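K.L.:
The structure that follows is given in the form of structure tokens.
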Amino acid sequence: MLKERYSRSFLEKVPVPRKPKNPAIYVIGAYFALIILGTLLLSLPIAQEKPVALIDNIFISASAVCVTGLASIDIGSMYSHFGHWVIILLMQAGGLGVMTFSTTIILFAGMRPSFKYISVFTEEFSHHDFVPLQVVLKAVVPFTLVMEGIGFFTFLWQFNETNLYDRAFSALFHTISLFCNVGLSLYPDSLMQFGHNPLVVLVSCALVITGGFGFIASMELPNLFKKRVKVSLHTKLALIFTSVLLVAITAGFLIMEYSNALVADSLPQKILNSFAYSTMSRTAGINFSEISTITSGTLMMTLIAMFIGANPGSCGGGIKTTTFAVVVILAINRLRGKSKVHVLGKTIPQDIVNKAVYLFIISAAIITFSTFILLLTETESVPYATVASDDISKGHYLHFAQIVFESISAFATCGLSLGATPDLSIAGKLVVSFIMFVGRMGPMFLISTVVQKTDDQVWESEENVMIG
């Protein structure tokens, strides 16, 4: 009895270590809080030119923070100048990341962030295990200011507003929207009125490509022209697959839409519009030409482009080009009978390969499930496309295509739409807002907050299963 009393007393004094919280939870919470803050600010009377429903404020706030660009209303006419400033701040914070702003404030205040904070921050921008915060910020902040400065002064020169302040504000809004790969526009036709202005189109494409290439990878590009300076495999793969996608989509759009959407344009204009489409279709969502009349082949190509998206560590979305690259390289190596994944004289670690495969499968599953939910919620609210009254089957096909397109665009944070967004029901807008949030955070990032790594030491007996 005496032994039991002393044992209990001793155990009561031993502190039980707390289970450390996953730092990724704070990132998710920060983005969610930013969406709520944006919703509250957009709901203020001073932010609205015309009455806007709460669900639309939620949708626009989520679209801006998650750098998607889908819009359920015309933000140019529905929100006031104050509301437009709110959207600008949401786009910039969402594009560069809440972590960037908070880290900058911490460093300027002379405080030292924790190691866990640093690890989460660097993981968002870099493929290295650890990079000093100062290095990341020196890559992100100056690069952003330079590119957005180029875009701002170009648009200030080329835009049509007679009032200088209005023109400057529009230039700032669209510069941030393009560089952060958002795709929101103050104009009801997006940027289609500038589709025949080569300077606006090319600068817009440059903003989208640089904003979606990845900050750390962009800093490594000059090393390609330097001797004795190594360039990481990540940057090489990002550059190769980004270039391949841009060329392939440009050629595909030019061939399939030569006598359709591009029929009225000259050959140089057709090439320019095709390149603009290849750039915007992966992640930005800005329109320089009408896409409602694109062929089924172009539609399928666009769905694939949106799903792949931009590069890691950037403002863009999708599963990312390097994820797609690893899956393709894995398939090629397996078909050649190799057990390891080799590319460009390097071997990709098995953990990275597994992560790419998991991300590919999970992303496809999320899109499939969200499409199914939207088909249930939008059966009546989304109108069928304009077709002949006796062609019901075609109408159902176009309706299904609208929903699939909307779901992939939201997940990939692209922002392109076949016109279904304004007609979504309240439930549909909430579903799409959630998809945008998942797409911005990344499925693997979200799963890492709830799933803990375990060392599985149990070995079960093997047994064959018929495949194919």
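Read-outs: derived from the displayed coordinates by stated rules, not from any lab. From a predicted model like this one, the values you see are computed outputs, not experimental measurements. Every residue, glycine as well, gets a Cβ built from its backbone with ideal geometry; the counts of neighbours run over all protein chains shown.
K.L.:
Applying a 10 Å radius around every beta-carbon, put 414-426, 305-317 in order of their mean neighbour count, most first.
P.N.:
305-317, 414-426
K.L.:
With charges only on Cβ, +1 for K and R and -1 for D and E, what is the dipole size of segment 165-303 about its Cα centre, in debye, rounded to 20? Before the final figure, lay out each step's value.
P.N.:
Numbers: 8 positive and 6 negative charges, 173 e Å.
Dipole about the Cα centre, nearest 20: 820 debye.
K.L.:
While we're here: With just the Cα atoms defining each centre, how far is segment 283-334 from segment 29-53? Give it in Å.
P.N.:
Comparing the Cα centres of segment 283-334 and segment 29-53, I get a distance of 30 Å.
K.L.:
From the P(r) of segment 198-352, could you give the percentage of C-alpha pairs in the tail past 23 Å?
P.N.:
Tail of the P(r) past 23 Å holds 43 percent of the pairs.
K.L.:
Calculate the dipole size of segment 151-244 relative to its Cα centre from +1 charges on Lys and Arg beta carbons and -1 charges on Asp and Glu beta carbons; express the result in debye to the nearest 20.
P.N.:
Once rounded to the nearest 20, the dipole reads 740 debye.
K.L.:
What distance in nm lies between label points placed 7 Å from Cα along the C-beta direction at SER77 and GLN193?
P.N.:
According to this spin-label approximation, the distance is 1.3 nm.
K.L.:
At 0.36 nm per residue, and after removing the present C-alpha to C-alpha distance, how many nm does the segment from ASP423 to ALA248 gain when stretched out fully?
P.N.:
In short, 59.7 nm is gained.
K.L.:
Ok, one more. Given +1 on the Cβ of Lys and Arg, -1 on the Cβ of Asp and Glu, and no further charges, what dipole in debye does segment 223-299 carry about its Cα centre, rounded to the nearest 20?
P.N.:
Details: 7 positive and 3 negative charges, 173 e Å.
That gives segment 223-299 a dipole magnitude of about 840 debye.
K.L.:
Based on the mean of other beta carbon atoms within 10 Å per residue, what is the order of 251-259, 166-174, 361-369, 347-355, most packed first? Before the final figure, lay out the partial values.
P.N.:
Working: 251-259: 17.7, 166-174: 19.6, 361-369: 15.4, 347-355: 13.7.
Averaged packing, sorted descending, gives the order 166-174, 251-259, 361-369, 347-355.
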